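Peer 1: Input: one structure, supplied below.
Any read-out appearing in this document is the output of simple, stated calculations on the displayed coordinates, not a laboratory observation. In this text, all values refer to a predicted model and were calculated from it rather than measured experimentally. Because the Cβ atoms are built from the backbone with ideal geometry, glycine has one as well, and the counts that use them run over all protein chains shown.
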Amino acid sequence: MNWEAVGAIGEIVGALAVFATLVYLAIQIRQNTRAVRAAALDSSIQAASLIRSDMFKSEELSQLFLLGNENPEDFNEVQRYRYRNLVSNMMWAVWNFYSQSRYADLSQDSWESQKYVVARILNTPGGAWYWKNYSREFEDDFVEAVNQIVEDENCEIDTHNK
């Protein structure tokens, strides 16, 4: 066997090795992408679940939310502060779904499913008060998306049957 044949075989083997490596890396990237999406979804669900769990465990917190939805202006300063922070936590959990659907390639359906949550929170007198006074704490594109949801008649729901 001459050296040219050996060199040609070496090039073929090298090309096959590079191809096999690229296939392996593509598989790994795909698996990593799935893992990132799963982690993003889990993060969003955990944020929302934590708030719901806190409200379930605390009758006082649930009452604060329900009364605040009617009119936070009737609250004293501490109650209004607590209501504002509760709704802020809720909206940050919603923002998590929004941002994960944009930046972590989480399904757009995950964000779409939150539109009724946004409407249920903000289409109350207290929610409207919160959003009017504190929406600037969020990114402009999120504020715009939320404003569209609040104005969307298809998202209007019976806020008394939360």
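Peer 1: Pick from ILE12, ILE51, ILE149: which residue has the top mean-square fluctuation in a GNM of the chain where Cα pairs under 10 Å get a spring?
Peer 2: Its mean-square fluctuation being the largest, the pick is ILE12.
Peer 1: Another question, if that's okay. Please report the relative contact order for the chain, taking Cα pairs under 8 Å with a sequence separation of at least 6, and give it as a percent rounded to a whole number. Working shown, then result.
Peer 2: Details: 99 pairs, mean separation 34.3, N = 162.
RCO, the chain: 21 percent.
Peer 1: With springs only between Cα atoms under 10 Å, which of LEU86, LEU22, LEU64 fluctuates most in a Gaussian network model of the chain?
Peer 2: Of the options given, LEU22 has the highest mean-square fluctuation.
Peer 1: Using a Gaussian network for the chain with springs between C-alpha atoms less than 10 Å apart, which of these wobbles most: ASN96, ASN32, ASN147?
Peer 2: Residue with maximal mean-square fluctuation among ASN96, ASN32, ASN147: ASN32.
Peer 1: Here is a further query. Kindly provide the helix-only [θ] at 222 nm of the chain, computed as the sum of -39,500 (n - 2.57) over DSSP H runs of four or more divided by all residues, to the nearest 500 deg cm²/dmol?
Peer 2: Values: 7 runs with 129 residues, N = 162.
So the helix-based figure for the chain works out to -27000 deg cm²/dmol.
Peer 1: Label the chain by shape, choosing from rounded, prolate and oblate, from the square roots a ≥ b ≥ c of the eigenvalues of the Cα gyration tensor; if a/c is under 1.5 it is rounded, and otherwise prolate applies when a/b is larger than b/c, oblate when it is not.
Peer 2: Values: a/c = 4.28, a/b = 3.44, b/c = 1.24.
The shape class here is prolate.
Peer 1: What is the magnitude of the charge dipole of the chain about its Cα centre, with +1 placed on the Cβ of each Lys and Arg, -1 on the Cβ of each Asp and Glu, and no other charges, expressed in debye to the nearest 20? Walk me through the numbers on the way to the answer.
Peer 2: On the way: 14 positive and 23 negative charges, 100 e Å.
I would put it at about 480 debye.
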